[in-house]
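Here's the structure, in structure tokens; my notes come after.
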Amino acid sequence: MGGTVTLKAVLFDRDGTLVVDVPYNGDPQLVRPMDGAREALQKVRQAGLATGVVTNQSGVARGLLTVEQMHSVNHRVDQLLGPFDVWEFCPHGPEDGCACRKPRPGMILEACHTLGISPEEAAFVGDIGADMEAAAAAGVKAVLVPTEVTRREEIEAAGRVAEDLGHAVELLLTEAPGRTMDGTPDRTMDRTLDEQDAPV
């Protein structure tokens, strides 16, 4: 039955997925899109799907940047890669116990609610295990795009693993290869795992 669900939106993590990760960045001038981000988003939009950003921003809770600085960075991301149909951010720290901070599903569920779709009609693309856990908890499809900070065990645990954003979008738009709709994992990235270990 799951195979009949129509994909209506693709949500993306911000730092390390859409833009180069600058820890606790409050400066919009430091925003740089990841390679292939514009092209990948263009494919999603050309397919008639909504796009959104779901991002943890604990630097606010830690006092390392202000809400205004966070919004200015988000605005720059939207200028470079948008317009996005929905933005969700969590300003809390890990110890705050909120429902929104990934790996909890709150932001993804809220994004789906804003878009007027069910979680089964959405997908989420991220670069670390917390992104995949949040997607699973929310009931959306997920693709991991590993970077140098992604741990090997996070790659091994992911159902869909893409080489880059373009590949991630291709997997979602074609549903082949990758984790099938019934949850069977694809292992096309095993060769990559053998060739390159992510740092722990």
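The values are calculated or read from the model by the stated rules, or taken from the named source; none is laboratory data. Just so you know, these numbers come straight off a predicted model, no measurement behind them. As a convention, Cβ positions derive from the backbone with ideal geometry for all residues, glycine included, and neighbour counts pool all protein chains shown. Accessible surface areas use protein heavy atoms only, side chains included; no ligands, DNA or RNA. Shrake-Rupley method; radii C 1.70, N 1.55, O 1.52, S 1.80 Å.
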Quick calc, Thr6 & Leu64: beta-carbon distance into FRET formula, R0 30 Å, rounding 0.05, result 0.15
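Could you tell me which trypsin sites (Lys or Arg not before Pro) in the stretch 19-109 are loop residues by DSSP with no more than 16 other beta carbons within 10 angstrom of their beta carbon? Don't jump to the answer; show the numbers that get you there.
Details: sites: Arg38, Lys43, Arg45, Arg62, Arg76, Arg101; in loops: Arg62, Arg101.
Passing sites in the stretch 19-109 are Arg62.
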Can you give the longest run of the chain that contains no GluC sites (Glu not before Pro) sitting in a DSSP loop with at most 16 other Cβ atoms inside 10 Å?
1-147
Can you tell me the convex hull volume per residue for the chain, based on C-alpha atoms, in Å³ to the nearest whole number?
112 Å³
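Report the extension gain between Gln79 and Gln29 in nm, rounded to one decimal, defined as 0.36 nm multiplied by the number of residues separating them, less their alpha carbon distance. Don't skip to the end; give the middle numbers.
Details: separation 50, 0.36 × 50 = 18.00 nm, distance 1.18 nm.
Result for the pair: 16.8 nm of gain on full extension.
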Per-selection Rg to Rh, the stretch 1-104 - Cα, Kirkwood hydrodynamic radius
1.01
Sort all Cα-Cα distances of the stretch 114-172 into consecutive 10 angstrom bins from zero, then give the percent of pairs in each bin up to the one containing the longest distance.
25, 54, 19, 2
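Please state the equivalent ellipsoid semi-axes for the stretch 44-163: what are the square roots of 5 times the Cα gyration tensor eigenvalues, largest first, in whole Å? It would help to have the intermediate numbers written out before the result.
Details: eigenvalues 88, 73, 45 Å².
For the stretch 44-163, the semi-axes come out at 21, 19, 15 Å.
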Would you work out the relative contact order for the stretch 19-79, in percent, from Cα pairs under 8 angstrom that are 6 or more residues apart?
48 percent
Along the principal axes of its C-alpha atoms, what lengths does the stretch 67-136 span, in descending order and rounded to whole Å?
31, 30, 22
Please report, as a whole percent, how much of the solvent-accessible surface of the stretch 28-168 comes from carbon and sulfur atoms (probe radius 1.4 Å).
49 percent
The answer for the chain, accessible area per residue at 1.4 Å probe in Å², is 48 Å²
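Taking the square root of 5 times each eigenvalue of the Cα gyration tensor, what semi-axes in Å does the equivalent ellipsoid of the stretch 30-87 have, largest first? Spell out each step's value before the answer.
Values: eigenvalues 122, 28, 16 Å².
Three semi-axes, in Å: 25, 12, 9.
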